[in-house]
1. Could we say that Leu31 is within 17 Å of Glu81 (Cα to Cα), touching a Leu at 6+ places or on another chain (Cβ under 7 Å), in a loop (DSSP other than H, G, I, E, B) and at pLDDT 90 or above here?
2. Looking at Phe39, Phe61, which one is among the aromatic types (Phe, Trp, Tyr), buried (at least 17 other Cβ atoms within 10 Å of the Cβ) and under 21 Å from the mean Cα position of the chain (by Cα)?
3. Go through segment 64-80 and give me each residue that's acidic (Asp, Glu) and surrounded by 15 or more Cβ atoms within 10 Å (Cβ to Cβ).
4. Tell me which residues, restricted to segment 36-84, are of a type in the set (Phe, Trp, Tyr), touching a helix residue (DSSP H, G or I) at 6+ places or on another chain (Cβ under 8 Å) and not in a helix (DSSP H, G or I).
5. Out of Pro209, Pro243, report the one residue that is exposed (fewer than 14 other Cβ atoms within 10 Å of the Cβ) and in contact with a strand residue (DSSP E or B) (Cβ under 7 Å, 6 or more places away or on another chain).
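The values are calculated or read from the model by the stated rules, or taken from the named source; none is laboratory data. Since the model is a prediction, treat every value here as computed from it, not as a measurement. Note that each Cβ is placed from the backbone with ideal geometry, even for glycine, and that neighbours are counted across all protein chains shown.
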Amino acid sequence: MATIPAPTGSIAPNPTVYVRNLEEGIKVDQLKEALSEIFSEYGTIIEIVAKTNLKAKGQAFVVFDSVDSATQAIDEINGFELFDKPMHLDYAKSRSDATVLREAGEDELEVHKRRRLAEKERKQAHEALEAQKKLKRPSGPPDAARPAKTAKGAGLKPTTGAAAAVVPDEYLPPNKILFLRDLPDTADQENLTAVFGRFEGFQEVRTVPGRKGIAFVEYETESGAISAKEATSGMPMGDSGKPIRVTYQRQ
């Protein structure tokens, strides 16, 4: 069996084992069956999570009903070969949905999901900003070494690469205010309140005088806005059934 370094210990022990370096060509059902056969020797398995998308291939999560079972599995079979590849095992970075539901119930599970979604969106926003910075970064001599032709005479200020890097609306980090676009002309404060007032912490809908098709919705906390955005983004509205756009307000 190949020698695999032991987990670093930087991740807090929990009942979920993160398994990576798996054979990507194996079908998910076959992979889950093999993992179940191996890991079930160490305790009761609540669920095994493995996905087919490219980013998630080659990895899986085995959720036990106790930390002791997860610890024993990591200690004893880290590096065990499955489909001719040594598995790399560690504790998962966060509790699984199944663990949260089992330990704290459905209400806490919803909070857990919203936190995870918020963290995902913050990460996407950061990655989008970094990518735009790289695209805008000049490859030639510094701007100071070249005359600013475009700014002069046009009344425009030269824009640096960092200042020009604008996060796309779809990747803005979560906040308490949603920005609605592509609303039907018939959308008003009353019917928008009927839709968005269903979510926790709703405060108000603000329409823009003289501007149709846009509005703002404010919540007491980010979690309420996250839930509303997740449920309503792309929702058809009006007689035409055109999907609306829901993003966070740009800060």
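1. On the way: within 17 Å of Glu81 (Cα to Cα): yes; touching a Leu at 6+ places or on another chain (Cβ under 7 Å): yes; in a loop (DSSP other than H, G, I, E, B): no; at pLDDT 90 or above: yes.
No; evaluated as a whole, the condition is false for this residue.
2. Details: Phe39 fails: under 21 Å from the mean Cα position of the chain (by Cα).
Sole residue among the options that is among the aromatic types (Phe, Trp, Tyr), buried (at least 17 other Cβ atoms within 10 Å of the Cβ) and under 21 Å from the mean Cα position of the chain (by Cα): Phe61.
3. Here is the first cut: in segment 64-80, the residues acidic (Asp, Glu) are 65, 68, 75-76.
Across segment 64-80, the qualifying residue is only Asp65.
4. Residues of segment 36-84 of a type in the set (Phe, Trp, Tyr): 39, 42, 61, 64, 80, 83.
Next, only the ones that are touching a helix residue (DSSP H, G or I) at 6+ places or on another chain (Cβ under 8 Å) stay: 39, 42, 64, 80, 83.
If the condition is that a residue be of a type in the set (Phe, Trp, Tyr), touching a helix residue (DSSP H, G or I) at 6+ places or on another chain (Cβ under 8 Å) and not in a helix (DSSP H, G or I), then Phe64, Phe80, Phe83 are the ones that fit.
5. Numbers: Pro209 fails: in contact with a strand residue (DSSP E or B) (Cβ under 7 Å, 6 or more places away or on another chain).
On inspection, the qualifying residue turns out to be Pro243.
Conditions (1) in contact with a helix residue (DSSP H, G or I) (Cβ under 8 Å, 6 or more places away or on another chain); (2) at pLDDT 85 or above; (3) not in a strand (DSSP E or B), marked per residue:
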position: Gly155; (1), (2), (3): no, no, yes
position: Ala194; (1), (2), (3): no, yes, yes
position: Glu200; (1), (2), (3): yes, yes, yes
position: Gln203; (1), (2), (3): no, yes, no
